[in-house]
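The values are calculated or read from the model by the stated rules, or taken from the named source; none is laboratory data. Remember, predicted model here, so these are calculated numbers, not experimental data. Note: ideal-geometry Cβ built from the backbone for every residue, glycine included; neighbour counts use all protein chains shown.
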Amino acid sequence: MARALLSAVWLVVLLGGGGCQPRGNVVVREQVVRTSDGLVLPGPFAPKAMRIHPLTHAETDADGNPRVVLHVELKDAWGDTTKGVGRLQVQAWPGGGSSEDGERWAVDLRSLGENASFYDSATRTYRIVLGGLPAWLDSAVREGVDTPARVRVLFLTSEVDGAAVVLRDESVVRP
């Protein structure tokens, strides 16, 4: 009798074991790693590729101030659009000139709150508005002159083990 009871218990465990698992309790591994000094490093879906998205353009705002609206897209190892933790360095220079003649901007995306404020979920890109344009680009945008500007973006991040990663792309922006 005891042997039959033990066999019945094993049968219930084998066939109905899935029903014993708690429902609604899902453990999700955090997608970032926090270090002791508060730095946030990327997790398993860290960016492996970056591009300056074609939505990038120069325009004047409602007050007539020239600006460049930069859209940066990050992709993970599977080619899916993702967010990234790191720093963006942006440089713009005249199309026929040297990058040393350009203007530079820096955007820190290591703070998760700041990071989220730049992310545009509709386009799945980081939308960064660059003001304080250099004189040559400011006047070209104001006057609608077709003066191409070269734009280079570097995304500085790291692997979870601390190995540095630099993603880069260049494009032409026309006023």
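Of everything in the stretch 158-174 that's without any contact (Cβ under 8 Å) to a residue 40 or more places away in the chain and under 30 Å from Val68 (Cα atoms), which residue is surrounded by the most Cβ atoms within 10 Å (Cβ to Cβ)?
Val166
Go through the residues of the stretch 104-111 one by one and say whether even a single one is in a loop (DSSP other than H, G, I, E, B) and without any contact (Cβ under 8 Å) to a residue 12 or more places away in the chain.
no
Residue-wise test of (1) outside any strand (DSSP E or B); (2) in contact with a Leu (Cβ under 9 Å, 6 or more places away or on another chain); (3) of a type in the set (Val, Ile, Thr); (4) surrounded by 18 or more Cβ atoms within 10 Å (Cβ to Cβ).
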{"residue": "Asp63", "(1), (2), (3), (4)": "yes, no, no, no"}
{"residue": "Val68", "(1), (2), (3), (4)": "no, yes, yes, yes"}
{"residue": "Ala77", "(1), (2), (3), (4)": "yes, no, no, no"}
{"residue": "Val85", "(1), (2), (3), (4)": "yes, yes, yes, yes"}
{"residue": "Leu88", "(1), (2), (3), (4)": "no, yes, no, yes"}
{"residue": "Gly96", "(1), (2), (3), (4)": "yes, no, no, no"}
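Does the stretch 142-175 hold any residues that are aliphatic (A, V, I, L, M) and either closer than 15 Å to Trp93 by Cβ or assigned to a strand (DSSP E or B) (or both), and which are they?
Ala149, Val151, Val153, Leu154, Leu156, Ala164, Val165, Val166, Leu167, Val172, Val173, listed by residue number.
If you take the residues of the stretch 59-75 that are within 22 Å of Thr157 (Cβ to Cβ) and either modelled with pLDDT under 95 or of a type in the set (A, V, I, L, M) (or both), which of them is farthest from the chain's Cα centre (by Cα)?
For the stretch 59-75, the residue satisfying everything is Leu70.
Among the residues in the stretch 117-126, are any modelled with pLDDT of 90 or more, surrounded by 12 or more Cβ atoms within 10 Å (Cβ to Cβ), touching a Leu at 6+ places or on another chain (Cβ under 8 Å) and part of a strand (DSSP E or B)?
yes
Under 25 Å from Gly162 (Cα atoms) and among the small types (Gly, Ala, Ser): which single residue out of Ala106, Ala135, Ala92 fits that description?
On the way: Ala135 fails: under 25 Å from Gly162 (Cα atoms); Ala92 fails: under 25 Å from Gly162 (Cα atoms).
After ruling out the rest, the residue left standing is Ala106.
Which of the residues that make up the stretch 127-147 are surrounded by 14 or more Cβ atoms within 10 Å (Cβ to Cβ) and either over 30 Å from Asp80 (Cβ atoms) or out of contact with any Lys or Arg (no Cβ under 9 Å at 6 or more places or on another chain) (or both)? Steps first, answer last, please.
Filtering the stretch 127-147 for residues surrounded by 14 or more Cβ atoms within 10 Å (Cβ to Cβ) gives 127-128, 130, 133-134, 136-142, 147.
Across the stretch 127-147, the qualifying residues are Arg127, Ile128, Leu133, Pro134, Trp136, Leu137, Asp138, Ser139, Ala140, Val141, Arg142, Thr147.
Out of Ser36, Ser7, report the one residue that is modelled with pLDDT under 55, over 24 Å from Leu130 (Cα atoms) and hydroxyl-bearing (Ser, Thr, Tyr).
Unique residue meeting the criteria: Ser7.
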